[in-house]
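Comments concern the structure below.
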Amino acid sequence: MAGGENLNYAEPSPYTSLQLGEIKLFSIGNINEYDEIYEYIWEEVHHKLFVKDNILSGAILFGDIKDMGKVKTGVENKWI
């Protein structure tokens, strides 16, 4: 206990980010257990969002990964 405060530990969501030449990939959360997948494909861009119990549980971004911060926040905060 620091300074009389009770602090809670929030386990971060594991994620992977890869940028190798023209290859850009980001993945986060649980992509093995899902109820629904929302998919976006356009030219070299491929995004998949995985939803379990109406909550964003994981994602894969390939090609354009500029939204990885928003997706990471969504998975960690369990956006609906």
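The values are calculated or read from the model by the stated rules, or taken from the named source; none is laboratory data. Keep in mind it's a predicted model, so treat the numbers as computed, not measured. Please note: Cβ atoms are built from the backbone with ideal geometry, for glycine as well, and neighbour counts cover all protein chains shown.
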Quiz item: Restricting attention to region 60-80, and to residues there that are crowded, with 16+ Cβ neighbours inside 10 Å and β-branched (Val, Ile, Thr), which single residue is nearest to PRO12 (Cα to Cα)?
Solution: VAL75
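Which of the residues that make up region 27-36 are surrounded by 13 or more Cβ atoms within 10 Å (Cβ to Cβ) and over 19 Å from GLU11 (Cα atoms)? Spell out the reasoning first.
Our first condition is that a residue be surrounded by 13 or more Cβ atoms within 10 Å (Cβ to Cβ); within region 27-36, this holds for 27-31, 34.
Within region 27-36, just TYR34 meets the criteria.
Among the residues in region 44-59, are any surrounded by fewer than 13 Cβ atoms within 10 Å (Cβ to Cβ) and free of Cβ contacts under 8 Å to residues at least 12 places away in the same chain? Walk me through how you get there before you give the answer.
Residues of region 44-59 that are surrounded by fewer than 13 Cβ atoms within 10 Å (Cβ to Cβ), as a first pass: 44, 53-54.
Add one more test, that the residue is free of Cβ contacts under 8 Å to residues at least 12 places away in the same chain, and what stays is none.
No, that holds for no residue.
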Quiz item: Which residues, taken from region 1-20, are loosely packed, with under 11 Cβ neighbours inside 10 Å, in a strand (DSSP E or B) and polar (S, T, N, Q)?
Solution: THR16, GLN19
Quiz item: Which ones in region 21-30 are more than 18 Å from ASN77 (Cβ to Cβ) and at pLDDT below 95?
Solution: GLY21, GLU22, ILE23
Quiz prompt | When residues of region 30-73 are limited to those that are among the hydroxyl-bearing types (Ser, Thr, Tyr) and in contact with a strand residue (DSSP E or B) (Cβ under 6 Å, 6 or more places away or on another chain), the one farthest from LEU18 (Cα to Cα) | solution = TYR34
